[in-house]
Structures are given as C-alpha cells and as structure tokens.
Amino acid sequence: MAANYTNPIVRWIDSRLPVFTMMRHEYYDYQMPRNCNYLWSFGAFAAITLMIMIVTGIFLAMNYTDNTLLAFTSVERIMRDVNYGWLLRYIHMNGASMFFIVVYIHVFRGLYYGSYKSPREILWMLGVVILILMMATAFMGYVLPWGQMSFWGATVITNLFSAFPIIGDPIVTLLWGGFSIDNPTLNRFFALHYLLPFLILGVVVLHVAALHIVGSNNPYGIDMKGPQDGLPFHPYFTIKDGFALVLFFLVYACFVFFAPNYLGHADNYIPANPLVTPSHIVPEWYFLPFYAMLRAVPSKLGGVLTMFSSLLVLFVLPWLDTSKIRSAKFRPIYKQFFWFLVAACLVLGYAGSQPAEGIWLVVARVGAVYYFFHFLILLPLLGKLERPLPLPTSISEPVLKGSGPVPAGAHAKPMEKA
Ligand code: HEM
C-alpha cells in the first residue's frame, strides 16, 4: 500500500521502489508497547554505535599500514600527524568499549524481561550471533596497533585452539598464516576486522526484521491486546530515544575527551616484542568474565570448552527457561537470581583482571559454577517451582483504570501514563 506523498520526487521513487513506504511502516507507524522504558533505547544506541565504528574505522584504515614493521608507527602517525587522527582513533577505540557496555545492558534487559522467550527465540539467537561476531571483531581490532598487549593477547587467544585434539594445531597454523604470529597474521586480522562489521550489520538488519515481525516485548512481558496498549514509534519513541541518545553521547564524549586511555592498557603503547613477555597479560575489560572462566578450569581444553560454552548456552536459553511468565517483575524468585547472575558476571570480570592464583582463582571458579548453574539448573527448575504474581490483564489496564492487579513495584510510572 503506497502512501500518498506530497513531494513529487518521493512519490515517483516510492511508486517504483517503495523504500519510503517501507521505512514509514517500520520506523514511523511501528507500534511500540506504551510502557517501554529507557532500557528499550539501548538497541538504538547499539545500532548508532555500530555505524560510528564503521565510519571511523574506514577513515582509520585509510591511514593505517598492516605490516608488522609499520603498524605501530602508522598508528602513532594517525595520532600525531593526520588531521583529527587522534579524534578518529579515540572515538573508535572508546567506541568499542561503549558498544560492549550498551550491548551488555541490552542483553541483560532481555534476560530481566524475558525478551528471549516465545515468539522471540530467533530474534534472541540472532543477537547471540551478533555478540560472538562483535567479540571476534574486537579481538582482531586490538591486534592491529601491534603493541605488546596486541601481540601477547593474540598469542594467548590463538593458542587456545591448539587445545583441541587433532584439528587444534592445523587451526592455529591457519589463524597465524604460518608457524608463529607474524606479518601474515596481522594481514588476515586486518582483512577480517574490516569485513566482520559489515557482516554484523547484515545480521542486525535480520535482528530488527525479526523484531518487527513479532513486535517488541515490554516491562510487563505481556502481549499487546489492542491499539490502546501501543503507541506509534514516531514521535513518542523517536523523541525518547533521541533524548537518551544525547545522554549516551555525553558519557561517550567524557571518555573520548577526558579519559581516552582509561579503559585501555598502558603496555599497548610499547611496540610488540616477541622476545619480552609482559608480566601480566590481560584482555580488554569486556572479555574479562570470559577470560576468568577460561582460567578457572585447570585443564586447557576444559577451560576453552567452558569459555565457549558460556556463550553457546545462550543459544538454547529460550528452551532452558521453562517459565511461561516473561518479565521478572512477576517472578519474585527469578528476580533475585537475576541479580545474582549480574553479580557473578561482575565478580568474574574482576577475577579475570587479577593473576590466576590464590583467592582470585577460587572466586573465578565459584563465579563460573554459578553462571552455568543459573542457566542449566536454576532456570529449568524455577519455571516449574516458582509461583508468579498475578499479571495485569493488559498493558494499559493498570494505567488507565488506576488500580489493576499490579503487584507492588509494578505501578505505572509517569512515562507509562502517556
Ligand atoms: C550490534 C548489536 C545489536 C544491535 C544493533 C541491536 C539492535 C536492536 C534493536 C534496534 C532492537 C529494538 C530496540 C530495543 O528493544 O532495544 C533490539 C531488540 C532486541 N535485541 Fe538487539 N541488538 C544488538 C545485539 C543484541 C544481542 C547481543 C542480543 C542478545 C543476545 C539482542 C537481543 C535482542 C532482543 C531479545 C530484542 C527484543 C527486545 C524486546 O522487544 O524486549 N540484541 N535489538
């Protein structure tokens, strides 16, 4: 159904290729549950951050040299001599951290409100694919400046694959492009680091398409019963997301302009030296919980399998959680355990930043055991045992009628009365 556009050029294009009608349908008329809070802005933040990363990355690539003899100095040249090179690099470098902060909040929002449950399983699984691709991209990007942490981080992580029997060593040789980390490794990491963000973009398009087929979840986790439960995306949510985006950019700008190296490691300003191992090899902060799980297991293969399983378990999450109720607002016991999971991930992150010995090894082990216990044992059992609180009959009912069967803590906030 083509809309009747007043602009003749838009009308001419749209009657031949209805891109404007499609955009209008997906981002203007799209019905959002009216009670969605600011946590629903994080998908938009992630999409914008991805665009920022792609654009700044392309400009950096114009000045970067993927050769082990020149990579480090080409980055220093970007910082000192290229016009606004320092800005491009700091936006890109800190953009990776902002991207992970945003996506981790986006994922935990999904875990709290049960957004991974039917009918949003494919949407969720596409999200997990994005997360894994983001990790691969970030890992390879960190190698490019060819500093000490780049080199030794790449050494530790690529060597993990050698833990697999038979196929392990051939995989490592393939990743290295030879028999040690050297120029061919840097070349392939650069090629893949350039490619993967476009693959992520493709999966994001599918992710949002899958979302728009089934519609957005909301803080009550119940379906929209009619037009009174929803609001068109524009202007209500464009304005709301726009305001939140300004705040997000403020935080991002604080890192870029006031603490650009706060989240990085000083050793990466030392050129890579295969003969000198840093006393303490640590990955970027967003990998720390996974790094802690890797080191928590005494056997190398066991550690590698534990680390990969911590991501793979997310694929089957929609089937592990047996509860019919989506939102933690109406699941009093799950709500407590959700915060245990958050705490376990933070503690794992801290343990990952510490040497793998003494108390930190114990802490990492406890954290890893809780992580898997949460998904593999607790969620299947809790769905059967927990008695959920009564659900409101509709999204608008508790708001419009004033005193619906809403439990304490779930009362309408001013925004939800819109
Ligand atoms: C590049 C990274 C990502 C982008 C650009 C992105 C984008 C979006 C957007 C725009 C939305 C709709 C707005 C919102 O609900 O926040 C959304 C929803 C959603 N995303 Fe993502 N996403 C990303 C990563 C992920 C990841 C890693 C997961 C999970 C593992 C995930 C799971 C979900 C789910 C379950 C929803 C539906 C939420 C609901 O309706 O309650 N996303 N995403």
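The values are calculated or read from the model by the stated rules, or taken from the named source; none is laboratory data. Keep in mind it's a predicted model, so treat the numbers as computed, not measured. Ideal geometry is used to build each Cβ from the backbone, glycine not excepted, and the neighbour counts take in all protein chains shown. Please note that ligands, DNA and RNA were not included when accessible areas were found on the heavy atoms of the full protein model with its side chains. Shrake-Rupley method; radii C 1.70, N 1.55, O 1.52, S 1.80 Å.
Given points 7 Å out from each Cα along the Cα-Cβ axis, report the Leu346 to Ile52 separation in nanometres with one decimal.
Label at Leu346, label at Ile52, 2.4 nm between them.
I'd like to compare 123-134, 78-89, 316-327: which one has the highest average count of other Cβ atoms within 10 Å, and what's the full order after that?
On the way: 123-134: 19.4, 78-89: 15.1, 316-327: 17.8.
Ranking, from highest mean packing down: 123-134, 316-327, 78-89.
Over the stretch 281-339, with the other protein chains present, what is the accessible area per residue in square angstrom, probe 1.4 angstrom?
Working: 2390 Å² over 59 residues.
Counting only protein heavy atoms, the per-residue value for the stretch 281-339 is 41 Å².
Taking 0.36 nm per residue of sequence separation and subtracting the Cα-Cα distance, how much length would be gained by fully extending the chain between Asn37 and Ile171, in nm to one decimal?
Gain in length upon complete extension: 43.7 nm.
Mind checking which of Leu70, Gly110, Ala154 is farthest towards the positive end of the stretch 20-174's charge dipole, using Cβ charges of +1 (Lys, Arg) and -1 (Asp, Glu) about the Cα centre?
Gly110
Which residues in the stretch 144-166 have a backbone N closer than 16 Å to a point placed 7 Å from the Cα of Met79 along the Cα-to-Cβ line?
In the stretch 144-166, the label zone of Met79 (backbone N under 16 Å from the point 7 Å along Cα→Cβ) covers 144-151.
Please find, in a Gaussian network model of the chain (springs between Cα atoms separated by less than 10 Å), the residue of Ile54, Ile157, Ile13 whose mean-square fluctuation is greatest.
Fluctuation is largest for Ile13.
Mind telling me which of Gly226, Gly264, Gly303 comes out most flexible in a GNM of the chain, alpha-carbon contacts under 10 Å?
Checking each option, the largest mean-square fluctuation is seen for Gly226.
Step through the table entries Lys117/Lys300; Lys117/Lys335; Lys240/Lys324; Lys240/Lys384; Lys117/Lys225, compare each Cα-Cα distance with 26 Å, and write down the pairs that go over it.
Details: Lys117/Lys300 34 Å; Lys117/Lys335 16 Å; Lys240/Lys324 30 Å; Lys240/Lys384 38 Å; Lys117/Lys225 18 Å.
Distance filter (> 26 Å) returns Lys117/Lys300; Lys240/Lys324; Lys240/Lys384.
Could you order the peptides 173-180, 28-35 from most to least packed, using the average number of other C-beta atoms within 10 Å per residue? Working shown, then result.
Numbers: 173-180: 14.0, 28-35: 18.2.
Put in order of decreasing packing, that is 28-35, 173-180.
With +1 on each Lys and Arg Cβ and -1 on each Asp and Glu Cβ, and nothing else charged, work out how big the dipole of the stretch 28-273 is about its Cα centre, in Debye to the nearest 20.
Details: 10 positive and 11 negative charges, 82 e Å.
For the stretch 28-273, the charge dipole is close to 400 debye.
Would you please give the FRET efficiency between Ile213 and Phe315, computed as 1/(1 + (r/R0)^6) with r the Cβ-Cβ distance and R0 = 25 Å, to the nearest 0.05? Please report the intermediate quantities before stating the final value.
On the way: r = 20 Å, r/R0 = 0.78.
Here the calculated transfer efficiency is 0.80.
Cα extents of the chain along the three principal axes, largest first, in whole Å?
71, 61, 42
Return the single residue from Leu288, Leu69, Leu379 with maximal mean-square fluctuation; model: Gaussian network over the chain, springs between Cα atoms under 10 Å.
Result: Leu69 has the largest fluctuation of those listed.
First compute the accessible area of the chain with a 1.4 Å probe, then give the percent of it belonging to carbon and sulfur atoms. Mind showing how you got there, number by number?
Details: 15160 of 20850 Å².
C and S fraction of accessible area: 73 percent.
Quick check: net charge around Ala328, other residues with Cβ under 13 Å of its Cβ, Lys/Arg +1 and Asp/Glu -1?
Here the count lands on +4.
Once the dipole of the stretch 65-131 is set up with Lys and Arg at +1 and Asp and Glu at -1 on Cβ about the Cα centre, which of Ile101, Met79, Trp124 lies farthest towards its positive end?
Going by the charge dipole, the pick is Trp124.
Under a point-charge model restricted to the Cβ atoms of Lys and Arg (+1) and Asp and Glu (-1), what is the dipole moment magnitude of the chain relative to its Cα centre, in debye to the nearest 20? Don't jump to the answer; show the numbers that get you there.
Values: 26 positive and 19 negative charges, 234 e Å.
In total the dipole reaches around 1120 debye.
Enumerate by residue number the trypsin sites (Lys or Arg not before Pro) in the stretch 179-267 meeting two conditions: DSSP loop (anything except H, G, I, E, B), and at most 16 other Cβ atoms within 10 Å of the site's Cβ.
Details: sites: Arg188, Lys225, Lys240; in loops: Lys225.
Passing sites in the stretch 179-267 are Lys225.
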